[in-house]
Structures are given as structure tokens and as C-alpha cells.
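One structure is given here, and the rest of the page talks about it.
The values are calculated or read from the model by the stated rules, or taken from the named source; none is laboratory data. Keep in mind it's a predicted model, so treat the numbers as computed, not measured. Note: ideal-geometry Cβ built from the backbone for every residue, glycine included; neighbour counts use all protein chains shown. Protein only, heavy atoms only, side chains kept; ligands, DNA and RNA dropped before computing areas. Shrake-Rupley method; radii C 1.70, N 1.55, O 1.52, S 1.80 Å.
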Amino acid sequence: MANPTRAGRLATLRQLLGEACYTSQAELMEALSGHGITVSQPTLSKDLLELGAVRQRAIGGALVYAASAEAGEEAATEKLAKLCAELLQSIRHAGTQILVKTPPGAAQYFASYLDLAGLPGVLGTIAGDDTVLVIATDNEAANRTVGSISEMTKTGRPAVKELS
């Protein structure tokens with residue numbers, strides 16, 4: 001199996017950090033290897049920085065790698081805006097379904113930040129290799145979501161929230 005793209009590797013790493021506790025980069029490298037991803041220690045260090053991973057004390061007292069504690073919706077929305085500008089190739093929608101195209105290997109990484117950002121009216125995402133299906137709660141929410149993502153794609157900054 002060929003190594004995935006950087007975006008795919010980051011998505012897998014984020015998933016691993018959310019599922020289990022890893023006390024060393026060697027453990028993370030082994031876990032990535034189990035997913036068919038070979039990575040060097042310097043690359044893994046850069047990936048952990050990119051994801052904002054931190055070391056924190058687990059219940060037993062050991063230091064473990066974890067997703068950043070500040071990775072709330074605001075931070076995720078900032079990152080999503082940057083990803084929109086960097087990765088989004090096209091966006092179309094019909095009814096409550098929104099189809100987002102990314103470069104090959106980037107869809108899961110993009111979708112994970114779309115989920116983390118918690119955009120209003122988004123039920124969830126399904127990601128393939130280069131396509132993300134976003135499901136909105138209703139047609140109006142789909143229109144707002146397409147508008148927000150389009151704005152973030154143009155500006156690289158979070159969309160301005162509309163006052164109700």
C-alpha cells in the first residue's frame with residue numbers, strides 16, 4: 001500500500017490521538033504503520049505540531065499525546081477557513097446535500113475540521129479520497145453552509161456570522 005498524502009496522514013494521526021493514549025512518538029509511528037503509513041520521527045514531530053497535539057498526564061500519571069485542549073470550535077473554524085482556501089476545488093449542492101471536492105487524499109482531513117468546526121445546520125460529513133458529502137439539516141442551512149464555505153475559500157478567514 002502506498003503512503004497516503006500528508007492530509008491523509010494527518011487525518012489518520014488525529015483519529016489515532018482521539019482513540020487511544022500514546023506515550024511516545026515510537027508508539028505513534030507503530031500505530032501509523034498499522035494503517036499502512038510509514039513516517040520518520042522528524043515528520044511525525046512536525047505533524048504533531050501541525051495538529052496542535054500536546055502531552056498531558058493520563059489518569060495513571062503517564063505523559064501521553066493528546067489532541068490540543070484548545071482545539072475547540074473557534075480554533076477548528078480558523079483551521080477550516082485556511083483549509084478551504086488551500087484545498088477546496090469546488091462546491092455544489094442540491095437540497096440538503098453539499099458536495100465538496102478536494103485534491104486526492106485530502107477529503108478526510110478537510111471533513112474532520114468541518115465536523116470539528118460545528119457549523120450551524122450541518123448534521124455531519126462523509127469523506128472519501130477527494131470528495132466530502134456534507135449533510136445539512138434543511139435547504140436553508142445548506143445554502144448558509146455553502147455561502148460560509150465559499151466565503152472562507154475566498155478569504156482564508158472564518159465566515160462572518162450573520163446577525164439574526
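Things to note:
Yes/no per residue for (1) of a type in the set (Val, Ile, Thr); (2) in contact with a Pro (Cβ under 9 Å, 6 or more places away or on another chain); (3) surrounded by 13 or more Cβ atoms within 10 Å (Cβ to Cβ); (4) farther than 27 Å from THR131 by Cα:
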{"site": "ALA31", "(1), (2), (3), (4)": "no, no, yes, no"}
{"site": "GLN41", "(1), (2), (3), (4)": "no, no, no, yes"}
{"site": "TYR65", "(1), (2), (3), (4)": "no, no, yes, yes"}
{"site": "ALA75", "(1), (2), (3), (4)": "no, no, yes, no"}
{"site": "CYS84", "(1), (2), (3), (4)": "no, no, yes, no"}
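- Considering residues of region 122-148 that are part of a helix (DSSP H, G or I) and β-branched (Val, Ile, Thr) only, the residue least open to solvent (accessible area, probe 1.4 Å): THR145
- Qualifying residue in region 50-59 (condition: open to solvent by 30 Å² or more (accessible area, probe 1.4 Å), part of a helix (DSSP H, G or I) and either in the same structural domain as GLY121 (by the TED database) or of a type outside the set (Gly, Ala, Ser) (or both)): yes
- Inside region 93-130, residues that are more than 23 Å from LEU16 (Cβ to Cβ) and hydroxyl-bearing (Ser, Thr, Tyr) make up a count of 1.
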